[in-house]
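Each remark here refers to the structure printed beneath this line.
The values are calculated or read from the model by the stated rules, or taken from the named source; none is laboratory data. Model, not experiment: these values are computed from the prediction. Cβ sites come from the backbone with ideal geometry, for glycine too, and all protein chains shown count toward neighbours. Calculation scope for accessible area: heavy atoms of the full protein, side chains included, ligands and nucleic acids excluded. Shrake-Rupley method; radii C 1.70, N 1.55, O 1.52, S 1.80 Å.
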Amino acid sequence: MSESNQYLKIEVLMEDNVIIHHFERVTTNETITFNNFIAKLGRDANGFLTIKEQDDFSSINVNKIIKLSPQGIEEL
């Protein structure tokens with residue numbers, strides 16, 4: 001089975017109005033993928049979450065997140 005090249009684009013609004021776009025690989029559909037992403041926030045013991053922006057990875061402090069908004073599915 002080949003891996004999906006579909007990603008859910010999630011807009012992450014941080015403190016100071018910084019916006020980050022995270023791309024989460026689509027599992028079943030947009031809703032399940034978004035819910036799985038939300039579940040990751042609670043499982044990370046150190047308070048940081050790895051974010052994928054296109055081909056780059058970084059970490060953000062989950063305590064600085066103000067809002068998460070799914071923006072639709074994109075092919076990468």
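Some observations on this one:
- Of all residues in the stretch 12-22, those satisfying the criterion of being open to solvent by 50 Å² or more (accessible area, probe 1.4 Å) and in a strand (DSSP E or B) are Ile19, His21.
- When restricted to residues that are part of a strand (DSSP E or B) and either surrounded by 15 or more Cβ atoms within 10 Å (Cβ to Cβ) or among the hydroxyl-bearing types (Ser, Thr, Tyr) (or both), the stretch 1-11 contains 5.
- Residue within the stretch 25-39 that is hydrophobic (A, V, I, L, M, F, W, C) and either assigned to a strand (DSSP E or B) or touching a residue at least 40 places away in the same chain (Cβ under 8 Å) (or both) present: yes
- Residues within the stretch 8-38 that are over 23 Å from Leu76 (Cα atoms) and of a type in the set (A, V, I, L, M, F, W, C), tallied: 2
- Qualifying residue in the stretch 44-51 (condition: in a strand (DSSP E or B) and open to solvent by less than 40 Å² (accessible area, probe 1.4 Å)): yes
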